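J.: Shown below is the structure under consideration.
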Amino acid sequence: MTTTTDPYRFDGADGTEPVRPGVTPNSVVRTVLWLVLVISTVGNMVASYGAASLQVHLVCGAVTALAATALVVRHLRGRR
């Protein structure tokens with residue numbers, strides 16, 4: 001009687017543990033960019049509801065645009 005191992009089984013039944021990727025510099029940069037995007041968007045919303053000056057809106061909008069652009073560029077480069 002022979003036993004076969006299922007190559008798609010991830011529970012370690014064949015004596016090996018599944019490989020789990022650790023934290024990479026790529027994932028840290030992506031997380032920081034998302035945080036900057038969310039914080040600058042919320043900052044722009046708060047500036048809109050409050051009577052903030054035009055400079056605050058421009059800075060928040062520029063940071064939001066830069067973070068979104070960086071995320072899109074990283075995504076497109078990662079697909080190659």
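J.: Would you mind calculating the gained length between Ala68 and Trp34 on full extension (0.36 nm times residue separation, minus the Cα-Cα distance), in nm to one decimal? The partial results should precede the final answer.
T.: Working: separation 34, 0.36 × 34 = 12.24 nm, distance 0.82 nm.
11.4 nm is the gain from fully extending Ala68 to Trp34.
J.: Once the other residues with Cβ under 14 Å from the Cβ of Leu37 are scored (Lys, Arg +1; Asp, Glu -1), what is the net sum?
T.: Numbers: positive: Arg30, Arg74; negative: none.
That works out to +2.
J.: Could you order peptides 43-51, 57-65 by the average number of other Cβ atoms within 10 Å of their residues, highest first? Walk me through the numbers on the way to the answer.
T.: Details: 43-51: 12.3, 57-65: 15.2.
Ranking the peptides 43-51, 57-65 by packing returns 57-65, 43-51.
J.: To continue, here is another question. Can you tell me the FRET efficiency between Arg80 and Leu54 if r is taken as the Cβ-Cβ distance and R0 is 41 Å, rounded to the nearest 0.05? It would help to have the intermediate numbers written out before the result.
T.: Details: r = 40 Å, r/R0 = 0.96.
Given R0 = 41 Å and the Cβ-Cβ separation, E is 0.55.
Since every read-out is calculated from the coordinates, none of them should be taken as a lab result. Since we're looking at a predicted model, the values are computed, not measured. Positions of Cβ are backbone-derived with ideal geometry, glycine not excepted, and every protein chain shown enters the neighbour counts.
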